[in-house]
């Protein structure tokens, strides 16, 4: 017997889908600062507030640093707190991201992924979120607006789970998801309310061994954010690492339970035609949709192509990824950010190291793609599959770390070597100028 | 407001317990304890990073007998805004037991004049009902006495040292409280622990305000000001008596900020002979030693006195005492 509830289809872009999900969750506090391409979330939510559709206290803060600081204060006082940001805004929050997770406050944030300056660029890539990958936030990457809606709802259950108590960042690709209209199936308000349940306050052990609710409440004088030195800090960080590990299980459980309710199941990874795949693309976010389409085209040509989408980057589902890829002959990891100076992108290095002691392992190559919102159409992903096919057939790997969709003349600019002149040379006007 | 009896005050709960690790003679705990005693309602404290925070919360111990949070250096006002908003929403949802809870943000001059100014200005503009207490010890004391926007002229700090060519900080002290008045909040006041009755009454007003309130405390630091431990309250008194730190308040009345001189400073306004020369305040402090030794630098001392006179004049004017 199906328990799936009746859902309404609504035309929404990714930002609105997030705002709508937040409305249905009705958190006590939303503190946010507008930044492209996240702005719609703040605007739409402000309308909900203005129309009395939520009981939320909306705080239009003066910066992203204060957005996260305010969320921390609110969550510490026992509220559900939500915020949203992108790019430079997330960068400005950086300090507070670690404090939110270190204080174990289950804040939910949408990060509308956008490139980082300089040069300034408002379009989608994962550089912003990757800069915060070690900040102790759970990071989930969505493929489409439906998933954005679904994940914002699930995020509270994951964040507030007693074995987790960590903030959750729901990532959606800037513009490609945030500004693109899509049909989104939405749950009735009461179903969302029931699914997320009442906000619970964790009961923790004080250093004295006594139990206390972990909340700023007049009847329970707890001290949060104490100075924690050589004698205890390390133990507290270990607890945080364990919580992240526990999240692997909780994300799956919550995704399953959500599936029972909606018919849309979610896990740590999303394997597409991977059962018999010989070659595969590994990717996060909206490009997974294009990759799946490219895999279909390859299958039509009789090539056993598959796609592994990583939904949870933090915690990193090492075991699931290894299991899914172990029979694959060659795969390409697509990174939408550069960790400058690293041997390969962040997703690539994690996947490669996951296979370090495995007997069965595929050939793994890396592509940087889509930086600054550079389009990644199906033909580019078909090229990746064709290249993987060639590698399998010839056994010749070639360059391990590559770039996808760069301009053809890019080599010229890479090869140009700048001359250095002294400041005084500017007075002579020998090189260009007026 | 009625006068507070010391006996009654002594009987109220100690919200900041003894046994903390602030230096002997530190001006901070005296002010914080007194301000906290002034609240009849429960208080939640949001501390900025600084001496007070590190010395009262060394895990696994805490001196705080009230709910307390420290999140970072520059965001005490934003954190307090979040706490205030949470309580508002929880009350709206009918799950909050208390009708009135006061939220107190506490920060030093670094966390207020400089790195925390944006968050402070934003929180006051948004009109959160919080009380912001500035413990002004006139330099970054927690990191070892570096100059701040609150450091007065010619004070020697580790980043504005008195050298062979530069005699300490060359710039003047930012008038933070007047800037806060221009935000048109519910209440702004300057306080000095030497005038505790005035301090308590102003704190009570701040907690009773229906919008943001700003309390600016002159808070001597024996390490940074290089004065004897037993001179802290004396310096709090001299700061007021020399008019380098006048006591005043500004209240929003019918939408307009109205300045008012407080009794200890008003006595001087009425009787200018009582105004002590600033040199009496300076000479007790090692941070001004270079103004007196090896020889007295009269010109620099006069410049400080002129600055004091000018700023005092501005306050008299604002308070309608001219």
Which number comes out as Rg/Rh for region A:8-262 once both Rg and the Kirkwood Rh are worked out on C-alpha atoms?
-> 0.96
Between helix A:378-394 and chain A: long-axis angle, C-alpha atoms, 0 to 90°, nearest 10 | 60 degrees
Give the Debye-formula value of log10 I(q)/I(0) at each listed q (0.06, 0.09 Å⁻¹), with one equal scatterer per alpha carbon of chain A, two decimals each.
-> -0.28, -0.60
Crossing angle, helix A:64-76 versus chain A [Cα axis fit, 0-90 degrees, rounded to tens] | 40 degrees
Taking all pairs of distinct alpha-carbon atoms in region B:1-139, Kirkwood radius in angstrom = 15.8 Å
Log entry: pair-distance distribution for the protein assembly as shown, C-alpha pairs binned every 10 Å from zero, whole % per bin is 3, 13, 21, 20, 17, 13, 9, 4, 1, 0, 0
Between region B:248-322 and region A:220-250, what's the alpha-carbon centroid distance in Å?
-> 49 Å
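Rounded if a/c is under 1.5, else prolate if a/b is larger than b/c, else oblate: which is region B:82-146, with a ≥ b ≥ c the root eigenvalues of its Cα gyration tensor? Kindly include the intermediate steps, with their values, before the conclusion.
Details: a/c = 3.68, a/b = 2.48, b/c = 1.48.
It is prolate, given that a/c is not under 1.5 and a/b is the larger ratio.
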Report, to two decimal places, the Cα Rg of region B:128-194 normalised by 2.2 N^0.38 Å (N = number of residues).
-> 1.34
Assuming 0.890 mPa s and 25 °C, estimate D for region A:260-322 with Stokes-Einstein, Rh taken as the Kirkwood radius over Cα pairs, in µm²/s.
-> 199 µm²/s
Over 18 Å [Cα-Cα, region A:1-89], rounded percent | 46 percent
Can you give me the Cα centroid spacing of region B:157-195 and region B:55-96 in angstrom?
-> 27 Å
Taking the alpha-carbon set of region B:256-322, what are its Rg and Dmax in Å?
-> 14.6, 50
With -39,500 (n - 2.57) per DSSP H segment of 4 or more residues and division by the full residue count of chain B, the 222 nm estimate, nearest 500 deg cm²/dmol, is -10000 deg cm²/dmol
For region B:6-318, build the convex hull from the C-alpha positions and give me its volume per residue in Å³.
-> 135 Å³
Which percent of Cα pairs goes in each bin when the distances of region A:142-222 are cut into 5 angstrom slices starting at zero?
-> 3, 13, 17, 16, 15, 12, 9, 7, 5, 3, 1
With the 8 Å Cα cutoff and a minimum separation of six or more residues, region A:8-262 has a relative contact order in percent of 23 percent
On Cα atoms only, tilt of A:233-262 relative to the major axis of chain A in degrees = 90 degrees
What shape does region A:196-251 have by the C-alpha gyration tensor, where a ≥ b ≥ c are the square roots of the eigenvalues, rounded means a/c under 1.5, and otherwise prolate means a/b greater than b/c and oblate the rest?
-> oblate
Exposure proxy ranking, count of Cβ atoms within 10 Å, fewest first, for B:205, B:322 = B:322, B:205
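By its C-alpha gyration tensor, with a ≥ b ≥ c as the square roots of the eigenvalues, how is region A:259-380 shaped: rounded for a/c under 1.5, else prolate for a/b larger than b/c, else oblate?
Details: a/c = 1.16, a/b = 1.09, b/c = 1.07.
Since a/c stays below 1.5, the shape of region A:259-380 is classed as rounded.
Values quoted throughout were computed directly from the atomic coordinates according to the rules given, and no laboratory measurement underlies them. In this text, all values refer to a predicted model and were calculated from it rather than measured experimentally. Cβ atoms come from the backbone with ideal geometry, glycine included; neighbour counts cover every protein chain shown.
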